[in-house]
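Heads up: the structure comes next, in structure tokens.
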Amino acid sequence: MVVRETSQMVWSNDSRLFSHMAIPSASYDMCNAERALPHEWVMGHGWEEEHWGGNLPTADWIDDISLVNPVLLYRMDVHMVLLNSVAMELAGIDESMHVPEGGKIVLGEGGKATGILVDNAIPLATSHIPNLSLAEKREALQTAVEYILKKGVTTVCDMGSIGEPEEVWEALEQVYMPAANNGALPIRVFAMVPLSTWPRLAQLVQAQGRAHPDGHLHWGGLKAFADGSLGSRTALMKEPYCDDPHTSGIRLTPYAELAGLVQQADAAALQIAIHAIGDQANDDVLAMYQTAMANNSKVATPRRHRVEHAQHLSGADAVAAFSQQQTVAVVNPLHLLSDMHIMTDRLGVERSGADRAFAYAAMLKAGVALAFASDWPVVPIDPLLGIYVSVHRRSPDMPPSQAWHMGGAVTPEQAMLAHTRGAAFACGLEEDIGSLRQGMQADFAVLDGDMLRVLQEGGNRIPAIKATYSSGLQAQRITAAAVHMSKHRAVCATCGSQYLTESPPGRCIICDEERQYVGLSGQQWTQAADLLKKHKNTWTDVEPGVFAIGVEPKFGIGQRCYMVRTEQGNILFDIVGVLDDTTKQKIKNLGGLHAIYFSHPHYYGNMADWAAAFDCKVYLPIADRQWITEPGDYIEYWSGGELKTKGDSTVIRVGGHFPGSCVLHWPQGSCGKGSLFTGDTIQVVPDRSWVSFMYSYPNLIPLPAHEVARIRTLMEPWKFDKLHGAFASIASDGSATVQRSAKRYIGFLDGTEKRQYF
């Protein structure tokens, strides 16, 4: 949708999405250390030594987080990490290790490594961390998109700067592009790749242009680093740091190497964005751009090179160079909040002044193209707060007397333009986004107050985001539509798992595993649209308030799921791989669905379709997150042993079949005697008088006796009369059936059940 007329709504653009999903996904942090498997990496982000007096932490500070797990915690600027002793030992980090140029292993008393790695030394540890799977990266993207939209942001720049170059390209080609192909990218993304890979990007641009046809994914930019950060004292300065005269910062990429890459990429008419925070780094990058453009003067295509941060400048000549070269300064107002309390100590009074540090007013006065960005997750992704800080040089909760050099402040109008039209210009997208006028894309946010008035009056309450629109669609609808994106998705015909791509993946992660199977004829695939042509849902009234929903003819595993009608709303336990229009309408007539719960991953199937159809959440145990084939914002993870539903029902994590295998206990079932829904976490056998417990049913792999004993003990307090499994039900005495079945099962394994076998 494009804008047909102007409105009073505020559009917001952030020119930076921090790459590349390894940190934003935050599968692990200090709070999750107890959940991590033994020897699994525990990761976190956000520490800053100034919060406790300025001393850098050491490994022994965090050794008690885990005695068996390696721990890696990024400093808030991501230019330092802290390792625990386990991680140091695993990575072989010590004082004798060779350190790459542009990096540092911090040494302490006695010349021993402290656990702190700086900049180019960080990969010495991160190279030992297993990569996220594609499914985890795609899930991370959906999670990030949901969060970004809530912040009123509709366009981001993924700087492609974390991880090895091949990882960054994988994110572009196997995460972003499939999402764009399937209409599952509601925000607009300008994805950058490492400068060192410019020939590969040049080939992509030549073959496919600079954007995906749907207009939500763009490429053509290259990212590199000239230096580090002020907080880590690795920003490259002309003069030494005042609080550490032994250093002037770090050059992360050798000058000759970086200049050569700039020359080559500029000749290929590709946009370059180089991280430069220190005044020496900024002067270096400006000189490289000037030389490259002079040498490549015959290249007609405008490149619109960028300097990321441009935080500390050497003076008026540097400001003039930005303007004369038409280099875009992509700056980060929120960094002022994190650096203002250390800036004078680090740099002294002169270098911290308004014309040299965060010199936004001087840049605009000189005609520099200025774009505001967040630098998330180093600082929050919060454009409205960034706009406020650029105008008032302080946060809303600080008194005006604490503002940082108001001579560098910009006007409210200039600030809003820098975070909208200026940011769009930095990405080369100003003809489509960045302003609300006829013919532009309808990307905007709706606020609950007048932001311009807050900026003019200096109030301390920034308006909240009420809604975010992309291409004219509200965010809540976008995410549901994105999950429900296409009827042509690949579906595994053996188990019913549905994937986010039209073409079948190389393998079905559910079937290609010892609890399931791939048939003799090999992996078979179909498409979601074809299923509705051949199959339909069946409904069976199994007890008052409970319907069993199945599929005929049989598809996939052939299970049935259960809709339970509670006073607090309808809930669904498991799903089936077909959802026809009749079932959709019937469930809506019965009041819709409040939530969906699962027994185990074999039945995850097309859960995204069910969630989108009824606008409800799917609740999954985090222990089984690796088996998700359709990640998205419709999923809520839970941990622990039990999950209370909105009503009186309880989801009980039993384990056994899968670590996260669950059952659902409904105390109002069976006329108040209780009902238990088990999928095949606890399997009803054909005679319907017993149940069984297996690690793999199709492959006949039993559970150990001690696991069945654990399940038996776990289920003993729960009373229920009926037991509904994936394929059959037990009509009465369900609790006792589970107990005696477990006893018999254990007896056959340990030999106490006496039978004649030979």
Counted residues in the stretch 426-476 being in contact with a strand residue (DSSP E or B) (Cβ under 8 Å, 6 or more places away or on another chain), assigned to a loop (DSSP other than H, G, I, E, B) and closer than 30 Å to MET398 by Cβ come to 3
Do the conditions hold for PRO667, that is, is it out of contact with any Ser or Thr (no Cβ under 7 Å at 6 or more places or on another chain) and buried (at least 23 other Cβ atoms within 10 Å of the Cβ)?
-> no
Of ALA179, ALA125, which residue is in a helix (DSSP H, G or I) and within 28 Å of ASP382 (Cα to Cα)?
-> ALA179
Residue satisfying all of: in the stretch 321-370; acidic (Asp, Glu) and surrounded by fewer than 22 Cβ atoms within 10 Å (Cβ to Cβ); farthest from GLU50 (Cα to Cα) among these | ASP355
Exactly one of SER96, SER127 is closer than 30 Å to ARG507 by Cβ, over 14 Å from the mean Cα position of the chain (by Cα) and hydroxyl-bearing (Ser, Thr, Tyr), and that residue is SER127
What are the residues in the stretch 512-531 that are modelled with pLDDT of 90 or more, of a type outside the set (Lys, Arg) and surrounded by fewer than 21 Cβ atoms within 10 Å (Cβ to Cβ), if any?
-> GLU514, TYR517, GLN524, TRP525, THR526
Quick one: ASP375 ticks every box in (1) among the charged types (D, E, K, R); (2) crowded, with 23+ Cβ neighbours inside 10 Å; (3) at pLDDT 95 or above bar one, so which box is it?
-> (3)
Counting only strands (runs of 3 or more DSSP E) entirely within the stretch 668-758, those with at least 3 residues that are within 20 Å of VAL651 (Cα to Cα) and at pLDDT below 95 are none
Determine if the stretch 488-499 includes at least one residue that is open to solvent by 40 Å² or more (accessible area, probe 1.4 Å), modelled with pLDDT under 90 and more than 28 Å from GLY220 (Cα to Cα).
-> yes
Residue count, the stretch 257-298, condition over 33 Å from the mean Cα position of the chain (by Cα) and not in a helix (DSSP H, G or I), comes to 3
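Can you tell me which residues in the stretch 567-589 are within 34 Å of the chain's Cα centre (by Cα), within 23 Å of HIS665 (Cβ to Cβ) and not in a helix (DSSP H, G or I)?
GLN568, GLY569, ASN570, ILE571, LEU572, PHE573, ASP574, ILE575, VAL576
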Reported set for the stretch 589-625 where residues are buried (at least 22 other Cβ atoms within 10 Å of the Cβ), small (Gly, Ala, Ser) and either at pLDDT below 90 or closer than 20 Å to CYS511 by Cβ (or both) is SER599, GLY605, ALA608
Extreme residue, surrounded by the fewest Cβ atoms within 10 Å (Cβ to Cβ), among residues of the stretch 184-228 that are more than 21 Å from the chain's Cα centre (by Cα) and in a strand (DSSP E or B) | ALA211
Looking at (1) surrounded by fewer than 21 Cβ atoms within 10 Å (Cβ to Cβ); (2) in contact with a Gly (Cβ under 6 Å, 6 or more places away or on another chain), which is the only condition GLN142 fails?
-> (1)
Which residue, of ALA318, ALA269, ALA292, is more than 29 Å from GLY231 (Cα to Cα), crowded, with 19+ Cβ neighbours inside 10 Å and in contact (Cβ under 8 Å) with a residue 24 or more places away in the chain?
-> ALA292
What are the residue pairs meeting all of these: first residue in the stretch 75-96, first residue within 21 Å of ASP64 (Cβ to Cβ), second residue of a type in the set (Ser, Thr, Tyr) and open to solvent by 20 Å² or more (accessible area, probe 1.4 Å), Cβ atoms under 8 Å, and 6 or more apart or on different chains?
-> VAL81/THR126; LEU82/THR58; ALA91/SER127
Note: among THR155, THR247, THR234, just one is in contact with a strand residue (DSSP E or B) (Cβ under 9 Å, 6 or more places away or on another chain), of a type in the set (Val, Ile, Thr) and either over 30 Å from PRO383 (Cα atoms) or open to solvent by 10 Å² or more (accessible area, probe 1.4 Å) (or both), namely THR247
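The values are calculated or read from the model by the stated rules, or taken from the named source; none is laboratory data. On a predicted model such as this, the values are computed, not experimentally measured, just so you know. Note: ideal-geometry Cβ built from the backbone for every residue, glycine included; neighbour counts use all protein chains shown. All accessible areas refer to the heavy atoms of the entire protein, side chains included, with ligands and DNA or RNA removed. Shrake-Rupley method; radii C 1.70, N 1.55, O 1.52, S 1.80 Å.
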